[in-house]
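The values are calculated or read from the model by the stated rules, or taken from the named source; none is laboratory data. This is a predicted model, so every value here is computed, not measured. Here the Cβ is made from the backbone with ideal geometry for all residues, glycine too, and neighbour counts use every protein chain on show.
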Amino acid sequence: MVQKQHHVIISLASNSNQEAHLEAARAQLTQLLTEVHFTSAIYTDPVGNGPCSMFNVQCPKYLNQLCQGTTGLGMNLLNEVLKEIEKRLGRTHNEDGIVTVDLDILEYDNERFHHRDWERNYVKDLINEL
């Protein structure tokens, strides 16, 4: 029986050792997905009132990238695997403003998630590369 393939778009972001962490995330996603394509990566300023603003310190810029591919995994299992990849690459959810790597499903079979992210300029710019 042929497994149904699902079309996905995933956002990648890091504000700590950005190039190395995104490279490691791309390697993991290349193993996880088929028909994988990555956009270029662009730096952006942090958005919102996170921990850095609470402590009045300068947060490092984020390096952002989009990934498109297909998977046989269901939405929930894919999300669990992405969170495991984040942990493997050093992600913790402490409150210091450092994001080793963040992997979010923006689209799964044409259904959009993380709706605020779709309004961000980097997503609007990078989506045209997919």
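Considering only the range 5-36, state which residues are in a strand (DSSP E or B) and either buried (at least 19 other Cβ atoms within 10 Å of the Cβ) or in contact (Cβ under 8 Å) with a residue 60 or more places away in the chain (or both).
Residues of the range 5-36 in a strand (DSSP E or B): 6-14, 34-36.
Within the range 5-36, His6, His7, Val8, Ile9, Ile10, Ser11, Leu12, Ala13, Ser14 meet the criteria.
A quick yes/no check of all residues on (1) closer than 23 Å to Ile42 by Cα; (2) hydroxyl-bearing (Ser, Thr, Tyr); (3) surrounded by 15 or more Cβ atoms within 10 Å (Cβ to Cβ):
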{"residue": "Lys61", "(1), (2), (3)": "yes, no, no"}
{"residue": "Gln68", "(1), (2), (3)": "yes, no, yes"}
{"residue": "Thr71", "(1), (2), (3)": "no, yes, yes"}
{"residue": "Leu78", "(1), (2), (3)": "no, no, yes"}
{"residue": "His93", "(1), (2), (3)": "no, no, no"}
{"residue": "Asp104", "(1), (2), (3)": "yes, no, yes"}
{"residue": "Arg112", "(1), (2), (3)": "yes, no, no"}
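Could you check the range 44-66 and list, in sequence order, the residues that are closer than 14 Å to Val99 by Cα and at pLDDT 75 or above?
Thr44, Asp45, Pro46, Val47, Cys59, Pro60, Lys61, Tyr62, Leu63, Asn64
Determine if the range 104-113 includes at least one residue that is part of a loop (DSSP other than H, G, I, E, B), touching a helix residue (DSSP H, G or I) at 6+ places or on another chain (Cβ under 7 Å) and of a type in the set (Val, Ile, Thr).
Let us first name the residues in the range 104-113 that are part of a loop (DSSP other than H, G, I, E, B), namely 109-110, 113.
Keeping just the survivors that are touching a helix residue (DSSP H, G or I) at 6+ places or on another chain (Cβ under 7 Å) gives none.
No: the range 104-113 contains no residue that is part of a loop (DSSP other than H, G, I, E, B), touching a helix residue (DSSP H, G or I) at 6+ places or on another chain (Cβ under 7 Å) and of a type in the set (Val, Ile, Thr).
Just one of Leu89, Leu126 is buried (at least 16 other Cβ atoms within 10 Å of the Cβ), closer than 13 Å to Ile9 by Cβ and not β-branched (Val, Ile, Thr); which is it?
Numbers: Leu89 fails: closer than 13 Å to Ile9 by Cβ.
Selected residue: Leu126, the only one of Leu89, Leu126 that is buried (at least 16 other Cβ atoms within 10 Å of the Cβ), closer than 13 Å to Ile9 by Cβ and not β-branched (Val, Ile, Thr).
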